[in-house]
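Undergrad: Questions regarding the structure given below will be posed in turn.
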Amino acid sequence: MGEYMRLYSCAASRGLRVTWTLAELGMCDAVDLVMLPFPPRAHDKSYFAVNPLGTVPALEAEGVLMTESSAICQWLAEKYGAGTLHVAVGEADRAAFLDFLHHADATLTFPQTVYMRFALFERDRGLAAAGEAYGEWFAKRLQKIDARLADRDYLCAGRFTIADIAVGYALYLARRVGLGEHLSPRLGAWMDNLMARPGFTAAMAWEDSAAKGAGIGDLTSF
Ligand SMILES: N[C@@H](CCC(=O)N[C@@H](CS)C(=O)NCC(=O)O)C(=O)O
């Protein structure tokens with residue numbers, strides 16, 4: 001490939017969408033993975049010089065810093081995926097593909113993060129009830145993917161794509177942060193199937209070894 005790329009992330013953050021995509025593409029060796037303690041804004045302020053927002057993931061490539069996980073996955077899949085991991089313009093299901101790719105972060109992960117902040121991390125602020133309400137709101141929003149998967153193994157185009165990665169991450173996070181009970185049996189089985197993929201396992205191992213290499217331990221627990 002020969003192009004310089006560096007990915008900044010935190011273990012099991014939305015950066016997992018990107019490491020998972022790279023692992024599915026067999027590109028882990030082509031990217032310098034920099035794991036940071038979570039949240040970098042508190043534990044590694046030098047990161048603000050890279051990304052003034054302080055958020056992860058961030059991908060440096062072609063002189064651009066990309067800071068949106070789903071957009072990074074789309075860019076990688078379109079550039080390096082040889083048509084397998086994305087749904088191209090003109091292909092059937094292109095509209096659904098874009099819809100689910102954006103649905104993943106804008107509609108699913110968004111209420112999860114508000115839940116995490118006020119019901120888990122900053123519970124002592126007295127806003128836990130609001131946080132829990134966002135958790136319920138997330139749960140109601142699962143109906144769209146549940147219906148979509150009633151007669152499909154994958155969200156779009158009859159094959160595994162980054163729409164599955166982007167949405168799958170939200171369900172993975174749900175299980176990690178105490179929202180897993182809201183997954184229907186169908187969504188649970190879909191997620192188990194995604195997590196059994198060698199690409200998912202490879203991404204987790206890659207994150208783990210990069211985090212250990214950077215001396216990051218339990219700080220990355222969410
Ligand atoms: N829409 C962005 C959101 C990025 C984001 O907020 N990431 C979280 C981790 S999953 C983060 O960096 N939080 C720490 C902070 O906001 O300081 C994406 O999809 O990448």
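Since every read-out is calculated from the coordinates, none of them should be taken as a lab result. From a predicted model like this one, the values you see are computed outputs, not experimental measurements. As a convention, Cβ positions derive from the backbone with ideal geometry for all residues, glycine included, and neighbour counts pool all protein chains shown.
Undergrad: Which semi-axes, in whole Å and largest first, does the equivalent ellipsoid of the stretch 94-197 have when worked out from the alpha carbon gyration tensor as the square roots of 5 times its eigenvalues? Please report the intermediate quantities before stating the final value.
TA: Details: eigenvalues 136, 35, 24 Å².
Calculated on Cα positions only, the semi-axes equal 26, 13, 11 Å.
Undergrad: Right, next: Treating each Cα of the chain as an identical point scatterer and ignoring solvent, apply the Debye formula and state log10 I(q)/I(0) at q = 0.07, 0.14, 0.16 Å⁻¹.
TA: Reported log10 I(q)/I(0), two decimals: -0.21, -0.88, -1.15.
Undergrad: According to a simple spin-label model (label point 7 Å from Cα along Cα-to-Cβ), what is the distance in nm between Tyr80 and Ala128?
TA: With each label point 7 Å from Cα toward Cβ, the separation is 4.3 nm.
Undergrad: Same structure again: So who's got an amide H within less than 5 Å of the one on Cys10, skipping anything under 5 residues away but keeping other chains? H placed 1.01 Å off N, in plane.
TA: Gly15, Leu36
Undergrad: Same structure, new question: Around Pro185, under 13 Å between beta carbons, what's the net of Lys plus Arg minus Asp minus Glu among the other residues?
TA: Working: positive: Arg186; negative: Asp146, Glu181, Asp192.
That works out to -2.
Undergrad: Could you pull out every one of the aspartates and glutamates with an alpha carbon less than 14 Å from that of Lys79, ignoring same-chain neighbours closer than 8 positions?
TA: Glu3, Glu24, Glu62
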